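Step one of this worksheet: look at the structure below.
The values are calculated or read from the model by the stated rules, or taken from the named source; none is laboratory data. Bear in mind the structure is a predicted one, so any value in this text is a computation, not a measurement. Note: accessible area is taken over every heavy atom of the protein model, side chains too, but ligands, DNA and RNA are not part of it. Shrake-Rupley method; radii C 1.70, N 1.55, O 1.52, S 1.80 Å.
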Amino acid sequence: MGKPVILIGSICSRKTTVAEIISNKLDTPQCSIDDVRFDYYKEMGFSKEQQERIRQKDGFKGVYTY
C-alpha cells in the first residue's frame, strides 16, 4: 500500500466525495471522519439529540456553531 492521502477542508466541502473517487482510483481503503467523529464528540459532551434540536430551530448555521 502507498502513502496515505489526507484531505483537509471545511464542513460540506465534499472531502468524502473526493476521497471516494481517489480511493476507487487507487484501489485503497477509505476512512472518513464522518464514520468516527461522533465517538470523539461524545467525549466533549456532544449530543446528537441536541444537534437535531438546534438544526430544527436554527438550521445549519446553528449546528455549525454547536
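I need the per residue convex hull volume for the chain, using only the alpha carbons, in cubic angstrom as a whole number.
105 Å³
With the full set of protein chains in place, find how many percent of the accessible area of region 17-66 is carbon and sulfur; take the probe as 1.4 Å.
The C+S portion of the solvent-accessible surface of region 17-66 is 52 percent.
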